[in-house]
Every structure is written in structure tokens, then in C-alpha cells.
Amino acid sequence: MSGRILIVDDVATNRIVLKVKLGEACYETALASDAANCFRVVKETAPDLILLDRDLPDRDGIEVLRRLRSDPAARDLAIIMTLGAGSVDARLTALNAGADDVMTKPLDEPLLMARMRALLRARTAARELRERNAALGAIGLAEAATPFERPGLVALVTDRPETALHLRKLLATHLGDRLIIQSRDEVLGDAPPNPEPDVYVIEQDIGSAGGGLRLMSDLRSRGIGRDAGMCILQTNKSGDGAGMALDYGADDVVANEADPREIAIRLRRLVARKRREDRLRAKVNDGLRLAVFDPLTGLHNRRHAMARLGRMLERTRRGGAEFAVISVDLDRFKAVNDAFGHPGGDKVLVEVARRLSQNLRTDDLLARFGGEEFLIALPDTSLHDAQLIADRLCRSINETAITLDNDRSLSVTASIGLKEVVAAELTALDCVETILAQTDRALMTSKKLGRNQVTVCLPAA
């Protein structure tokens, strides 16, 4: 995984060694020997990740870290702080100041590379979600308000009761989120968890050596916890396997014997990250839904209808079954808006959409095509059957008056145009637009003949 890495260290030898190692791994690197140069390079090159030493000649590394986190342009950078001495308090200070990870010198190079890959992977995924959300915002799709959020839910997956009790006791006063205990069989059971945990903490050697990594992969492949944070809990004192766990897709690795405050910080971060990404995914999904649905009636919109018609046309052109297209336009709808205002007109549109929907089949396409016009496509439908359906739709709109506020009601009629599309009659020039134009001409004929009726577009002689 390539990326731009900024190495901030006052010792030239450290900078050079890291530059060589990262270059061998195909990373672009920039160097800074102090805080002033760090800020300058961040502004000029926008790195993806910073290796920031705590001990700098002109400013404390913690102060540099806090300043970076307060800068909107640098707030989302991945930052690993390196320490000359690995005291618990120093690690906690760095994590609380905003470091994504903390490593003690001399650096374990394979583990450093694995942690960098994990951070860059997470940063890329988050950036892609933000870009999708921004793209939807650019076309005017509103951003939903942030809902109230329940406390986080962390699932500790282990088959050893002593491990579960040990970690639950350690985290009782530090985590702030719910912690539940699950066995391997419970996690893989048929019943999906409700609610689904925000973070899974999986014992590294559950069942057998490396069993936690296999379980994590199994969960991902089954869609369980697909969007949840994954943290591997190391119960072996050697610390072996952390790099492998990260490269298998773990978001973090913690040691069972680590300070409970550090474990709690890391788990809270995973919960917070998962919540942020959930909100972004929800906004993206809402935006995509709004992009193909009409917000007033809940029907598909013109964009979706055009794409669906295009697919139906190509299927028929290749020898597939015929289909029918119906255009429905409410008669004298301007008079409705003039008499009852736009809220009254909206109620009419919603009720007409409901009546049309009730009289169509599951596979039929129904879309609000614009204003008071609706478009219907009937796949695998003969002209005879399409005429019966169109007549039924016309009656459903007109037979019963539509009730508005204060017990007021009005009768509405619609003019309908119908076009059958069959492979034998298609020419090379026929496309969705030409078919719609023919359907519209049939609709206008219904208007001219007195409205509230169906006109069929007959094939040219």
C-alpha cells in the first residue's frame, strides 16, 4: 500500500534509517527535524501518515500532536507517536492527545509497517465514505441530523472464562461502554446479534493457536460484524502475531496485560470510528435512495425510470418478450393547485400514486415522471393485457373522490397514452426517448378527445 509518510525526528540517523526502510516498501517520504519543519511540510505536502517523535528540539511532541489535531486540514491524518521510553503515563498522554498509535524505540519494524498499513487502510475507507457523501451533497441531497446514540457495545469473544472475567474487571471503571462476553459458537450461531456489537475483541488463540484470526476472517466472510471494529486480544506474553493480525484485517491489537486505561482508550476509539462510519454510510444510502425515489410520493423518479426502460428495451431488442409503456397525466391539475394550493395538490399526487400502485403488479415499474405525470412500464405484457390494465388505472383515479382537509374532496381524472414495444417493430433508431415521444402523442390524443380515457399508439402502417 503506497502513501506519503512524514518522518519527524531530531536524530538524523533515525530519519535516514526510516526513510530507507519505507522507501523499500514503496512509500513516499518527507523528513522534518523539528516542529516548525513538521508544520511546514504538512501544509505543503499533505502526508497520509506522520511518524512523530515525542522529543523534538523546539517543541514538545505532545504539543505538536495537539496542534495538528486542532487544524482542520490535518485533523484526519494518521499519526504514530514514537517514544524513547515506554512508560504507561507517556503512552496514555500521547493517546489522549490524539495519537492513533504509540510505539517505543527501538522500533519493531515489521510491527511498525503492519500498524501503518492498518491505519492507512482505515483512512482510505473513511475518505471514500466522506467523498461519496460529499458528492451527494453537491447535487443537493440534504444531510440528515445526527441521531441520539446509545452507549457503545463491545463483545469480548473468548472460550476462557478467566480471560473474560479478567478483562471485564479491568475495564469496569474505564470503558464507559457495555461489554458482553460471547463464545466462538455464540458468535457464529444462527441468530444474528441484536443489537450488533460496535467492536469485537477476539482472543488471538481462541480454540487453537491463531484461532482468533481465522474467526475474524470467518465473521467477515459471513457478513457478521462486517462494519464493526475488530480488535485482537493477545493473551501470549511474547506479543508474537500482532503484525499478522493487523494484516489479516484487524483494526487494532491489544495485549491482555496492557494497562486497562490504554485498552479502554483504544476500544472507545474503535467504537467512535464505527459510529462515524455508520453515520456516513447511512447518509450515503439515504442520498442514493433520494437519487432514485421521488420524496413526495415514494415512487421511483425519472432518473430510475429512464434507466429501467433502457434495460427493458435492450432485452426486447435481443429477442425478449414485449413490454408496454403507459403515460398518465392528471387532467386540469393547475386548477387543483389554484383552488386548493400546493399542499392540496400534493395530497392529490400522493393519493393518485397510491391508487396506481395498488393496481399494478410487483414487477411493474411505476414512477413519478415529473409534475403531475406518471410513467408505468409493464414487462412481459401483451397489448391486450396492457389495455385492460390502463383502463383499470384510469377508473381507479376517477371513480372515487379524493378527500382533502376539512372534509373537502374533489374528483380527478387522467389522460393516458399506451405504447406496446415488440422486437419485430423496433428499428435501429428506436430508443427510450422515441418510445416515450410516441406514448406522449397518444396521451395528447386522449386530451384532445375529451380527457379521462386511454389512447393506444398504433404501429405505423
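Laboratory data are not the source of any read-out in this text; all were calculated from the coordinates shown. Keep in mind that this is a model prediction, so the values were computed, not measured. We place every Cβ from the backbone using ideal geometry, glycine too, and count neighbours over all the protein chains shown.
Under a crude label model (7 Å from the Cα following the beta-carbon direction), how far is Glu257 from Asp380 in nanometres?
6.7 nm
Within the range 86-105, which residues have the backbone N less than 13 Å from the label spot 7 Å out from Lys21 along Cα→beta-carbon, could you tell me?
Label zone hits: 103-105.
Pulled fully out, how much extra length does the chain show between Asp76 and Leu296, if you take 0.36 nm times their separation in residues and subtract their Cα-Cα distance?
Roughly 75.4 nm would be gained on extension.
Given the peptides 332-339, 364-371, arrange them by the average over their residues of other C-beta atoms within 10 Å, most packed first. Could the numbers behind the result be given before it?
On the way: 332-339: 13.9, 364-371: 19.5.
Most protected by this proxy first, the peptides run 364-371, 332-339.
In debye, nearest 20, what is the charge dipole magnitude of the chain about its Cα centre with +1 on Lys and Arg Cβ and -1 on Asp and Glu Cβ, if you could check?
That gives the chain a dipole magnitude of about 660 debye.
Within a Cβ distance under 12 Å of Gly61, other residues only, what is the Lys/Arg minus Asp/Glu net charge?
On the way: positive: Arg54, Arg59, Arg66, Arg67; negative: Asp9, Asp10, Asp34, Asp53, Asp55, Asp58, Asp60, Glu63.
That works out to -4.
Can you work out the FRET efficiency for the pair Glu28 and Ala172, with r the C-beta to C-beta distance and R0 = 56 Å, to the nearest 0.05? Show your work: numbers first, answer last.
Values: r = 45 Å, r/R0 = 0.80.
Once rounded, the FRET efficiency stands at 0.80.
If exposed GluC sites (Glu not before Pro) are those in a DSSP loop with at most 16 other Cβ within 10 Å, what is the longest stretch of the chain that has none?
Here the longest segment lacking exposed loop sites spans 1-142.
Does the range 76-123 classify as rounded, prolate or oblate by the C-alpha gyration tensor (a ≥ b ≥ c root eigenvalues; a/c under 1.5 gives rounded; else a/b over b/c gives prolate, otherwise oblate)?
Verdict is oblate for the range 76-123.
Share of antiparallel DSSP beta bridges in the range 310-461, in percent to the nearest 5?
Among the beta bridges of the range 310-461, antiparallel pairing accounts for roughly 85 percent.
Between Ser411 and Leu288, take the C-beta separation as r, use R0 = 30 Å, and let me know the FRET efficiency to the nearest 0.05.
Once rounded, the FRET efficiency stands at 0.20.
When the Debye formula is applied to the Cα atoms of the chain, each taken as the same point scatterer, what base-10 log of I(q)/I(0) results at q = 0.06, 0.08, 0.09, 0.14 Å⁻¹?
For the requested q values the scattering log ratios are -0.46, -0.69, -0.78, -1.18.
Please report, largest first and rounded to whole Å, the three semi-axes of the ellipsoid equivalent to the range 301-356, where each semi-axis is the square root of five times an eigenvalue of the C-alpha gyration tensor.
The three semi-axes for the range 301-356 are 34, 11, 9 Å.
In debye, nearest 20, what is the charge dipole magnitude of the range 123-289 about its Cα centre with +1 on Lys and Arg Cβ and -1 on Asp and Glu Cβ, if you could check?
Charge dipole of the range 123-289: 600 debye, to the nearest 20.
Between Ala321 and Asp430, what is the label-to-label distance in nm when each label sits 7 Å out along the Cα-to-Cβ direction?
1.7 nm
Please report, in debye to the nearest 20, how large the charge dipole of the range 394-438 is about its Cα centre when each Lys and Arg carries +1 at its beta carbon and each Asp and Glu carries -1 there.
120 debye
Quick check on the range 1-135: what are the equivalent-ellipsoid semi-axes from the Cα gyration tensor, as sqrt(5λ), descending, whole Å?
Ellipsoid semi-axes (Å, largest first): 22, 17, 15.
If I stretch the segment between Ala437 and Arg281 completely, what's the gain in nm (0.36 nm per residue apart, minus their alpha carbon distance), one decimal?
Extra length from Ala437 to Arg281 when fully extended: 52.3 nm.
If each of Ala46 and Asp190 carries a label point 7 Å out from its Cα toward its Cβ, how far apart are those two points in nm?
Going from the Ala46 label point to the Asp190 one covers 5.2 nm.
Kindly provide log₁₀ I(q)/I(0) values, in the same order as q = 0.08, 0.11, 0.14, 0.15 Å⁻¹, from the Debye equation applied to equal alpha-carbon scatterers of the range 302-457.
-0.23, -0.42, -0.66, -0.75
Cα-based Rg of the range 123-289 per 2.2 N^0.38 Å, rounded to two decimals?
It is 1.10.
At what distance in angstrom do the alpha carbon centres of the range 17-91 and the range 261-275 lie from each other?
Between the Cα centre of the range 17-91 and that of the range 261-275, the gap is 22 Å.
Report the full-extension gain for the segment Lys334 to Arg160: residue separation times 0.36 nm, less the Cα-Cα distance, to one decimal in nm.
Gain on stretching Lys334 to Arg160: 55.4 nm.
Which order do Cys26, Cys38, Cys457 fall in if you start with the one that has the fewest other Cβ atoms within 10 Å?
Ordered by Cβ neighbours within 10 Å, fewest first: Cys26, Cys457, Cys38.
Of Leu388, Ala335, Val352, which is farthest towards the positive pole of the range 302-457's charge dipole, taken about the Cα centre with +1 and -1 on the beta-carbons of Lys, Arg and Asp, Glu respectively?
Towards the positive end, the residue furthest out is Ala335.
Round to a whole angstrom and tell me the spacing of the C-alpha centers of the range 95-118 and the range 153-229.
With the range 95-118 and the range 153-229 each reduced to a Cα centre, they are spaced 24 Å.
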